[in-house]
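Structure, as structure tokens:
Read-outs throughout are calculated quantities, based only on the coordinates presented, and are distinct from any laboratory measurement. Here the structure is a predicted model, which means the values were calculated and not measured. Cβ placement follows ideal geometry from the backbone for every residue including glycine, while neighbour counts extend to all protein chains displayed.
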Amino acid sequence: MSETSDQLYNFALLDEDAKREIRRKLLKAVAIPGHLVPFASRDLPIARGWGTGGLQITLSIITPDDTLKVIDQGDDESVNAVNLRRLITRTTGVATTTDTAAATIIQTRHRIPEEPMRADQILVLQVPMADPLRWVEPNLERATIMHSEADYGKMWVYMYESVVRAGDLRIASQYPVIVNRRYLMDTTPIPRWDVPKLHMADTLYLFGAGREKRIYAVPPYTVVEPLQFEDYPFRTEYRPGQRCARCGADNTFLTEHFVSDSNGGRWETTCSDAAYCAKRVAQMEATA
Amino acid sequence: MTIVATPPTPIERFNGLAFRVLLDCLARPGKVGHLPPPPFADLPPLPDGTPPNATAVAAGMSLLDQTVSFVHAAGEEWLPVDHPLTRWIALRTNARPVEAAAADFALLHDPAGTALFGELAAGSLLYPERSCTVFLSVPAIALNGETLRLRGPGIATTATVGLRGVAPTELAAIASRPSQFPLGIDLFLIDQQGRCLGLPRTTQIEVI
Ligand SMILES: [Zn+2]
């Protein structure tokens with residue numbers, strides 16, 4: 001998209017037929033929580049696997065009045081987030097923000113923001129692999145039949161064997177859940193820390209897998225239960241005493257990153273949700 | 001930042017804004033949404049000479065195109081393919097008018113259409129999404145009424161909603177609509193003021 005091009009794109013890039021198809025599928029996804037709804041994923045001017053599923057959802061739901069936030073691994077400033085945000089704003093003119101509380105639509109990869117999202121907000125998650133049954137059934141058609149029969153015995157066995165053998169679940173992120181006591185659903189590579197945020201939430205979660213051409217949803221106030229066992233209950237990554245080195249938060253999902261200094265550098269553990277961390281630091285500085 | 005897109009046309013704008021209301025209402029049964037004013041007014045009348053609910057028709061049409069099919073009814077009668085309103089909708093959307101059992105969408109122009117719910121597709125276990133989405137026109141949805149009590153996904157505990165001008169048998173048909181989760185039909189009730197109520201197949205409905 002060159003600045004000097006005379007060509008004008010459709011509002012929100014996608015043609016109206018593409019948006020309409022995704023809108024129809026989103027309504028089905030909301031009406032059948034956790035069920036994978038096939039859709040005709042379109043080619044976009046970014047590579048598949050870089051969030052085209054989430055992007056197509058955002059482009060299909062966005063209106064000129066929206067305020068958009070885009071994050072990648074919790075970071076608004078990562079290259080991927082910046083590129084997606086630029087593509088959306090240049091084809092819609094919508095306002096953008098890094099503040100979770102100020103956004104009406106948040107598109108994300110691999111995180112749910114730390115600040116609780118409200119009923120007037122929508123979280124769009126980019127999904128690389130949609131079907132959790134791929135761990136036990138690589139054939140998509142057979143997996144679809146298993147979903148139709150709620151035939152999840154193999155998955156329970158797989159999960160149990162992996163906890164018994166490894167002492168912990170092999171599936172560390174994208175932890176499988178049962179939605180509305182019916183469908184097994186992949187949570188995408190969000191950390192286990194974020195999984196409880198899906199349960200009985202105020203906000204609507206929409207999931208888009210561009211490569212696998214699937215859309216699914218978790219409506220607000222929907223029961224979302226992680227697969228777990230009495231002797232091996234679901235646990236998040238939380239460790240007692242953990243603390244963000246920058247803002248001091250003791251109740252966030254942390255990531256380690258390397259910081260260069262005069263001694264060559266060191267590892268620092270800070271909030272993965274960068275905007276939330278910065279907001280806390282700014283608040284502390286304002287009151288100091 | 002340079003904007004490289006055309007602004008939406010009035011119909012595209014309606015479709016975009018209406019979709020957000022539909023999505024919000026379906027995700028939050030019991031919440032009363034407000035659809036924007038319809039982008040047209042010249043609809044052919046129903047067989048009894050009355051105009052259809054233009055907002056309900058426009059909301060339904062916002063999801064129609066050449067890849068989907070529709071059916072519509074006045075009273076308890078499906079309207080034929082050659083009815084002026086059928087042709088009017090088909091011409092503007094390219095959607096195919098079909099028989100009820102095959103329809104992706106059903107526009108029921110008044111509450112008597114609830115008697116036809118049983119003829120609509122409820123999907124299959126393999127493809128529960130291959131089901132009919134219904135736009136049902138009702139005289140009035142009340143903000144704080146107590147006609148139906150709702151439970152299920154999208155509702156924190158329970159919700160109540162008021163409906164005026166819907167007969168007891170019609171309310172009973174709404175409450176007992178085809179819904180054997182994950183199968184079922186999904187409903188949008190839309191009143192004369194453009195108020196909208198979503199009732200997905202997941203909602204347990206009780207007539208108060
Ligand atoms: Zn922090």
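Observations on the structure shown:
- Integer Hz, Karplus 6.51/-1.76/1.60 couplings in order for segment A:89-102, x for Gly and Pro: 6, 5, 9, 10, x, 6, 6, 10, 8, 9, 7, 3, 5, 8
- In percent, rounded to a whole number, the relative contact order of chain A is 21, using alpha-carbon pairs under 8 Å and six or more apart.
- Span-rule helices in chain B, defined as complete DSSP H runs reaching 20 Å or more along the axis (Cα) with Kyte mean at least 0.0: B:10-27
- Of the beta bridges in chain A, as assigned by DSSP with both residues counted there, near 60 percent are antiparallel.
- Here the label points at residue B:146 and residue A:202, each 7 Å from Cα along the C-beta direction, are separated by 2.7 nm in the simple model.
- On a per residue basis, the convex hull of the C-alpha atoms belonging to the protein assembly as shown measures out at 172 Å³.
- Size of charge dipole - chain B - debye, nearest 20, with Cβ of Lys, Arg +1 and Asp, Glu -1, no other charges: 620 debye
- Neighbour-count ranking [beta-carbon atoms within 10 angstrom, fewest first] of A:277, A:271: A:277, A:271
- Applying 0.36 nm per residue to the separation of residue A:162 and residue A:228 and subtracting their alpha-carbon distance, the gain on full extension is 22.6 nm.
- Selection of trypsin sites (Lys or Arg not before Pro), segment B:112-208, meeting DSSP coil and at most 10 other Cβ within 10 Å: none
- Sequence-distant residues sharing a close amide H with residue A:187 (under 5 Å, placed H): A:175, A:177
- By other beta-carbon atoms within 10 Å, ranking A:92, B:6 with the fewest at the front produces B:6, A:92.
- Selection from A:284, A:265, A:187 lying farthest towards where the dipole of chain A points positive, charges on Cβ: A:187
- Based on Cα atoms of segment B:10-207, Rg over Rh with Rh as the Kirkwood radius reads 0.93.
- Cα radius of gyration and Dmax for segment B:131-183 (Å): 12.1, 30
- For segment B:62-101, the Cβ-based charge dipole about the Cα centre amounts to some 220 debye (Lys, Arg positive; Asp, Glu negative; other atoms uncharged).
- Directionally averaged shadow of segment A:234-287, computed from the convex hull of its alpha-carbon atoms, nm²: 4.9 nm²
- In chain A, helices alone account for a calculated mean residue ellipticity at 222 nm of -8500 deg cm²/dmol, with every DSSP H run of four or more residues adding -39,500 (n - 2.57).
- Lys/Arg +1, Asp/Glu -1 at C-beta; the protein assembly as shown dipole; positive extreme among B:25, A:159, A:79: A:159
- Residue among A:105, A:238, A:226 farthest towards the positive dipole end of chain A, charges placed on Cβ: A:226
- Comparing Cα centroids, segment B:1-72 and segment A:211-288 end up 40 angstrom apart.
- Beta bridges by DSSP in segment B:87-208, antiparallel share as percent, to the nearest 5: 60 percent
- With kT/(6 pi eta Rh) evaluated at 20 °C and eta = 1.002 mPa s, and Rh the Kirkwood radius from Cα pairs, chain A diffuses with a coefficient of 107 µm²/s according to Stokes-Einstein.
- Cα centroids of segment B:186-208 and segment B:80-114: 20 Å apart.
- Contact order normalised by residue count of segment B:10-207, Cα under 8 Å, 6+ apart, percent: 24 percent
- Residues whose placed amide H lies under 5 Å from that of residue B:110, excluding near-sequence neighbours: B:75, B:137
- Segment A:220-281, dipole about Cα centre (Lys/Arg Cβ +1, Asp/Glu Cβ -1), debye to the nearest 20: 360 debye
- Antiparallel content of DSSP bridges confined to the protein assembly as shown, in %, to 5: 55 percent
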